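Here is the structure we will look at.
The values are calculated or read from the model by the stated rules, or taken from the named source; none is laboratory data. Predicted, not measured: the structure shown is a model, and the values here were computed from it. Here Cβ is always computed from backbone atoms with ideal geometry, including for glycine, and neighbour counts include all displayed protein chains. Accessible surface areas use protein heavy atoms only, side chains included; no ligands, DNA or RNA. Shrake-Rupley method; radii C 1.70, N 1.55, O 1.52, S 1.80 Å.
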Amino acid sequence: MRSIGRKLFAAIALPTALVALLGVGLVWRQTDLAVRDESRRQALGLAEFIATSFGTVERTPPGTTARVAHRSVTAIVRSDWSGLKVASDIRIIDGAGTVMWSRRIEEEDKAFADAERVKLVKEGQAVFATPSFLWPWGRGGGGEVLYPLGGVSCGGCHTGELTLRTGVLQLTVEEPSLRRQVSEVFSSAMWSVVVFTVVLAAAVALSLRLLLTQKLKRLAKVMRRAEGGELAVRAPDLGADEIGSLAKSFNSMLGKLTELKVTEIDTQRDLDHAREELQLKTRLAMRVDELEVLFEIARTIASTLDLNEVLSRIASLLPTRLKVDRSSVMLLNQDGKLEVLKAFPPNEGSEGLQFEVGEGIAGHAASTRKSVYVADLEVEQRFKLLNTAPKRGCLLSIPMLQGSELLGVLNFERREKANFDREEIEYFTAVADQVSIAVQNARLHEQTVALSITDPLTGIPNRRHLFQQLEAEVNRARRYGTPISLVMIDIDHFKHLNDSAGHRAGDVALKQVTTALRQVVRKVDTLARYGGEEFVVLLPQVDREEALEVAEKLRRVVEETTFEHGAVQPGGRVTISVGVATLPTDATEQARLVDAADSALYASKRGGRNRVTGFAPGMEQHPGRERGPFAQRKRTGEIPAVKA
């Protein structure tokens, strides 16, 4: 609706028609409700009339049917009296649910299907449906009247409870004829409104065309020519009304624009020279800003040595500072694949995706060790598209290198096609170099930390990491009131193995025991080398009974394992002795828990080895213990005991 004439037409004719139709509809609605109420009163009056007719009883011999005794009721139901036309069906049901009178004679003396419902009525009621249509074309206004029969007046013929309730009168009322007549009148009125609206619309449209639209079209044509650069054109005389005044004002404006055009030509030459100088200054300012951004990025990502924190800062900082719509950080994982560790925007499903080196655009950048720029992703077949990623715009993939070593790939996307220029690609490459340094430093720090808490022979946590984890789990158990169990393990006759087969055989046995124990422990458990031939398993949220079961599984899996030099051991196999203690059952603090497990371990040693023993009070004071606060002597070369 681009024409102003059409808009004015819509603003005048349509609201008028709408208001008229709604007015007729609302009046019809009120009239329809009034007709319904009147039909309801007529139906109730008819029901009362029929009920009153039961008072007229003919004297008849005993055993005479009710239709003979109440001959007047029978005559009313059978008659064609105009007062009965309001009801489409009349039924009188007795107390047993049988139809005694009906306008449909075939229903008489038969059980009424809906008798249980109608017999529940306590007093006369009329239920009429509310008309559901706003307009007079829909049917409605019908309903039902239920009127109970019985009372003192029936005592002459009926006795007992039948005196109070002899039956129920049911009247079914369909759409009244008065409503149909009123509906026809309102339908005619609505069609008259429609015809009036059409005539009014035609008159308004013709008037707008002659008095407004044609003049505006002529003026708009001149304006379009002036917009195209014809400043010498002028609007015609369109009269003395507002449109004519607008045309004169437009002509005056064109005259002033012509004068300004001459001035513009004179100043354009000076502006071109100033623009060139400004562009040079702008480029210089951009280079300074790029250096500042590069410095900020280097300072931010170099302020931490935690790899996950470095990647999080890269993912959040680079898109904002480098003004890109999407970015991702890929690192080379242990399987030699490029894995998306961080992405912006986050949580869109790209984190965790893996690509082979050489696969897709990022994989190609990784394999060639060179940046890859795709100006239009819609025509690029190598672009591996996610379901949530838009397949448009441009992509820049830059490999992160540390010398000749590939660390990963940085990806930058923009929604516009060909939106990276050559200078930006060089700048983004410098950013990737800074990120590479930060990632390499974080990885070296991560490896150093891992070495400091890992036993180099078995590859499991060492004593330092064990006690750090034990302290955390004890604090958590106290906070939440959950148990924690400690299983201490010692390889039986380990010195004999070293003396018989050599220390290399002892190292192999330690590795095999570690592998066997790993088969039993859960991911949430901590398996650590305590020192020498001793191991400790930390079991969070495990009580004493369950811990003893786990310890027995550990003992059995070692016993059933075939060891390379197991034949030199007593009994021809490698076995372990196990001690179990639980907090808070056996101890209430960390040091006591370790000492209790150690006491139980030495009880297993004293009991013949290759067995599991749970801590019992008094074990820590046994004179045969070789360490702990109650030990009589220390073993040579033994790791110092934990002080209570």
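Might you let me know whether the stretch 345-361 holds any residue that is more than 20 Å from L307 (Cβ to Cβ), open to solvent by 70 Å² or more (accessible area, probe 1.4 Å) and at pLDDT 85 or above? Yes, the stretch 345-361 contains a residue that is more than 20 Å from L307 (Cβ to Cβ), open to solvent by 70 Å² or more (accessible area, probe 1.4 Å) and at pLDDT 85 or above. When A528, A547 are checked against the criterion of being open to solvent by less than 10 Å² (accessible area, probe 1.4 Å) and either at pLDDT below 90 or more than 16 Å from L466 (Cβ to Cβ) (or both), A547 stands alone in meeting it.
Just to verify a result, which residue in the stretch 221-235, among those that are open to solvent by less than 50 Å² (accessible area, probe 1.4 Å) and in a loop (DSSP other than H, G, I, E, B), is nearest to E259 (Cα to Cα)? Ranking the qualifying residues of the stretch 221-235, first place goes to L231. Looking at the stretch 454-502, which of its residues are in a loop (DSSP other than H, G, I, E, B) and not hydrophobic (A, V, I, L, M, F, W, C)? Across the stretch 454-502, the qualifying residues are D455, P456, T458, G459, N462, G481, T482, P483, D492, H493, G502. Considering the stretch 541-565, the residues that are without any contact (Cβ under 8 Å) to a residue 24 or more places away in the chain and not in a loop (DSSP other than H, G, I, E, B) include one that is farthest from V520 (Cα to Cα), namely E545.
Listed by first and then second residue, the pairs linking a residue in the stretch 439-463 that is at pLDDT below 85 to a residue that is open to solvent by 40 Å² or more (accessible area, probe 1.4 Å) and not small (G, A, S), with Cβ atoms under 7 Å apart and 6 or more places separating them unless they lie on different chains, are Q440/Q402; N441/L305; A442/L305; A442/D306; H445/L305; I453/R464; I453/H465; D455/R529.
Against the list (1) over 56 Å from the mean Cα position of the chain (by Cα); (2) aliphatic (A, V, I, L, M); (3) at pLDDT below 90, the condition V642 fails is (1). Taking the stretch 575-605 as the range and being farther than 23 Å from A472 by Cβ and either in a strand (DSSP E or B) or at pLDDT below 90 (or both) as the test, the residues that pass are I576, S577, V578.
Taking (1) touching a strand residue (DSSP E or B) at 6+ places or on another chain (Cβ under 8 Å); (2) closer than 16 Å to L470 by Cβ; (3) hydroxyl-bearing (S, T, Y) in turn, Y602 satisfies each apart from (2).
A search for C-beta distances below 7 Å between a residue of the stretch 215-227 that is touching a residue at least 40 places away in the same chain (Cβ under 8 Å) and any residue that is open to solvent by less than 30 Å² (accessible area, probe 1.4 Å), counting only pairs 6+ apart in sequence or on different chains, returns L216/I243. Screening P570 with (1) surrounded by fewer than 14 Cβ atoms within 10 Å (Cβ to Cβ); (2) without any contact (Cβ under 8 Å) to a residue 24 or more places away in the chain gives one miss only, at (2).
When the residues of the stretch 511-535 are filtered to those that are among the aliphatic types (A, V, I, L, M) and within 20 Å of E564 (Cα to Cα), the one that is nearest to the chain's Cα centre (by Cα) is L517.
All conditions but one from (1) of a type in the set (G, A, S); (2) in contact with a helix residue (DSSP H, G or I) (Cβ under 7 Å, 6 or more places away or on another chain); (3) modelled with pLDDT of 80 or more apply to S252; the one that does not is (2).
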